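Engineer: Structure in C-alpha cells, see below.
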Amino acid sequence: MKKTILITGGAGFIGSHLVRLFVNKYPEYQVVNVDKLTYAGNLANLKDVENKPNYIFEKADIVDAELMFKIFDQYQPDGVIHLAAESHVDRSIANPNEFIFTNIVGTTNLLNAARKCWANQFENKRFYHVSTDEVYGSLGEIGLFTEETAYDPRSPYSASKASSDHLVRAYHHTFGLPVVVSNCSNNYGSFQFPEKLIPLFINNIRNLKALPVYGKGENIRDWLWVEDHARAIDLIFHSGANGDTYNIGGHNEWTNIALIKVMCTIMDRKLGRAAGESEKLITYVKDRAGHDLRYAIDSSKLQRELGWTPSLQFEEGLEKTIDWYLENDAWMKQVTSGDYQNYYEQQYLNR
C-alpha cells in the first residue's frame, strides 16, 4: 500500500519545489497537494508533474476545519508537510487578520485533523511544520539564530508564525503528536511570486522601473536557494528526530543594497546594457515599520546530525535564478497580469 504524504501550500513558491521533488523522487508515495490558491498559489508552477499518477491536487482552505477533517478522512495521510501560510511582511502590516486566520487557526485545524485521523496510532506518522527565522526577531551585527534562540517576533507575520510553532510543539507535548519543525532563512529561486525582493527587482530592472530600497538598504538577510531548502525538508521529514527543531540557512549574508547592486551588475551584463545603467534605477524609500535589522541562521545542527549542506553559493544561485526569470518571461507576464489565476479553471475543472 502506498504511503500518502499531504503537503499544504504546494502551489506556492517553496511548496511547488517540494511537491515536484517528492512526486519525482518517491513514485511509491501518493502526494496530495492541498492549496487554497490565494494570489501566491500558482498551479502552473507544477505543470510538469500535474499528470503524474502519484500526484493529486485538492483546492481547499486550511481555515475550513470541516473540510480539513474530510480531506484527512479521505486520504488517510501518513505524513503532513505544512507550508501553507500568508508570508509577506508588508501585507501582514496592512491586514494582520488574514495572517491570524491562516497561520494560527489553519495550523490548529491541521493539527486537530491529524490527531483525529491517526487516533493515537502514531507509528510511522509525522507532522512537519515549516516555519521562518523571523520568529526569532532581529539580530545585532554579530551572532546567529540557533534552535535555542528565544522567540521575539516583531511583525504580525512573524508573530503568527511564532504562535503556530508553539502550537505544533504543544500538540507534541500534550497529545504525543509526532512532529518536527524547521525555521529557514530567506528563500530565492525560480517560481517566486514577484512581490518578493529578488524576482521583483529582476522584473523591474528588465523593464527599467524604479528599484525601491527601504531606508539605506543596510538590513541584512541570509539567503537560501529554494531547491536546497526542499532537499533539507526531505531529509528532515524522513530522518529528523521526533519533537525536534532544525534551522535551515544558506550561509549567505548580504545587505539589501549590496544584493541589489550585484543584481544590477549581472542584469546589465545579461541584457547588454552599459555597466552601471541599472543602478540608476535605485530609489530610497521610507523604511518599513518594525523592519528587523539582521537575520542569520546557524544550521550546524542540521549539517552535523543529518549531513545537509547548501549546494550553491549565493552568486552562483543568483545567476541561475536570474537566468530562469529571463528565460521564462511568459511565466512572469502571466503572474504580473493575473492570468495565472485562470489556470485551475482551465486545466482542472474541465478535465
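The values are calculated or read from the model by the stated rules, or taken from the named source; none is laboratory data. Bear in mind the structure is a predicted one, so any value in this text is a computation, not a measurement. Cβ placement follows ideal geometry from the backbone for every residue including glycine, while neighbour counts extend to all protein chains displayed.
Engineer: Can you name the residue in region 163-190 that is under 30 Å from Lys320 (Cα atoms) and in a loop (DSSP other than H, G, I, E, B) and, of all such residues, is modelled with the lowest pLDDT?
Structural biologist: To start, the set of residues in region 163-190 that are under 30 Å from Lys320 (Cα atoms) comprises 181-190.
Subset that is in a loop (DSSP other than H, G, I, E, B): 185, 189-190.
On the way: Ser185: 93, Gly189: 97, Ser190: 97.
Within region 163-190, the match that is modelled with the lowest pLDDT is Ser185.
Engineer: Look at region 107-162 and say how many of its residues are part of a loop (DSSP other than H, G, I, E, B) and either free of Cβ contacts under 8 Å to residues at least 12 places away in the same chain or of a type outside the set (D, E, K, R) (or both). Please lay out each step first, then the result.
Structural biologist: Step one: filter region 107-162 for residues part of a loop (DSSP other than H, G, I, E, B), giving 119-125, 137-144, 146-155.
With the extra rule that they be either free of Cβ contacts under 8 Å to residues at least 12 places away in the same chain or of a type outside the set (D, E, K, R) (or both), the set shrinks to 119-124, 137-140, 142-144, 146, 148-151, 153, 155.
Residues flagged as part of a loop (DSSP other than H, G, I, E, B) and either free of Cβ contacts under 8 Å to residues at least 12 places away in the same chain or of a type outside the set (D, E, K, R) (or both) within region 107-162 amount to 20.
Engineer: Hey, can you tell me all the residues within region 92-104 that are over 20 Å from Arg126 (Cα atoms) and either in contact (Cβ under 8 Å) with a residue 40 or more places away in the chain or of a type in the set (A, V, I, L, M, F, W, C) (or both)? Steps first, answer last, please.
Structural biologist: Within region 92-104, the first condition is being over 20 Å from Arg126 (Cα atoms), and the residues that meet it are 92-102.
Listed by number, the residues that qualify are Ser92, Ile93, Ala94, Pro96, Phe99, Ile100, Phe101, Thr102.
To keep it simple, each residue is scored yes or no on (1) in contact with an Asp or Glu (Cβ under 7 Å, 6 or more places away or on another chain); (2) free of Cβ contacts under 8 Å to residues at least 60 places away in the same chain; (3) exposed (fewer than 15 other Cβ atoms within 10 Å of the Cβ).
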position: Cys184; (1), (2), (3): yes, no, no
position: Pro199; (1), (2), (3): no, no, no
position: Ala210; (1), (2), (3): no, no, yes
position: Ile220; (1), (2), (3): yes, no, no
position: Leu224; (1), (2), (3): no, no, no
position: Leu281; (1), (2), (3): no, no, no
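Engineer: Sticking with this one: Could you please find all residues in region 1-20 being assigned to a strand (DSSP E or B) and surrounded by fewer than 22 Cβ atoms within 10 Å (Cβ to Cβ)? So that I can check it myself, show each step before the final result.
Structural biologist: First, the residues of region 1-20 that are assigned to a strand (DSSP E or B): 3-8.
Hits for region 1-20 are Lys3, Thr4.
Engineer: Also: If only one of Gly307, Gly249 is in contact (Cβ under 8 Å) with a residue 12 or more places away in the chain, small (Gly, Ala, Ser), surrounded by 16 or more Cβ atoms within 10 Å (Cβ to Cβ) and touching a Leu at 6+ places or on another chain (Cβ under 8 Å), which one is it?
Structural biologist: Details: Gly307 fails: surrounded by 16 or more Cβ atoms within 10 Å (Cβ to Cβ).
From the options Gly307, Gly249, the qualifying one is Gly249.
Engineer: Shifting gears a bit: May I ask you to list the residues in region 21-39 that are closer than 20 Å to Asp228 by Cα and either in contact (Cβ under 8 Å) with a residue 40 or more places away in the chain or assigned to a loop (DSSP other than H, G, I, E, B) (or both)?
Structural biologist: Leu21, Phe22, Lys25, Tyr26
Engineer: Would you point out which residue out of Gln346, Gln334 is part of a helix (DSSP H, G or I), surrounded by 14 or more Cβ atoms within 10 Å (Cβ to Cβ) and modelled with pLDDT under 95? Don't jump to the end; show me each part of the working.
Structural biologist: Values: Gln346 fails: surrounded by 14 or more Cβ atoms within 10 Å (Cβ to Cβ).
One residue alone meets the criteria, Gln334.
Engineer: Might you check whether a residue that is among the acidic types (Asp, Glu) and under 24 Å from His238 (Cβ atoms) occurs anywhere in region 128-136? Steps first, answer last, please.
Structural biologist: Of region 128-136, the ones among the acidic types (Asp, Glu) are 133-134.
Remaining after also requiring under 24 Å from His238 (Cβ atoms): 133.
Yes; the residues of region 128-136 include at least one that is among the acidic types (Asp, Glu) and under 24 Å from His238 (Cβ atoms).
Engineer: Could you check Pro199 against (1) modelled with pLDDT of 95 or more; (2) over 30 Å from Lys333 (Cα atoms) and say which number it fails?
Structural biologist: Evaluating Pro199 over (1) modelled with pLDDT of 95 or more; (2) over 30 Å from Lys333 (Cα atoms) leaves (2) as the failure.
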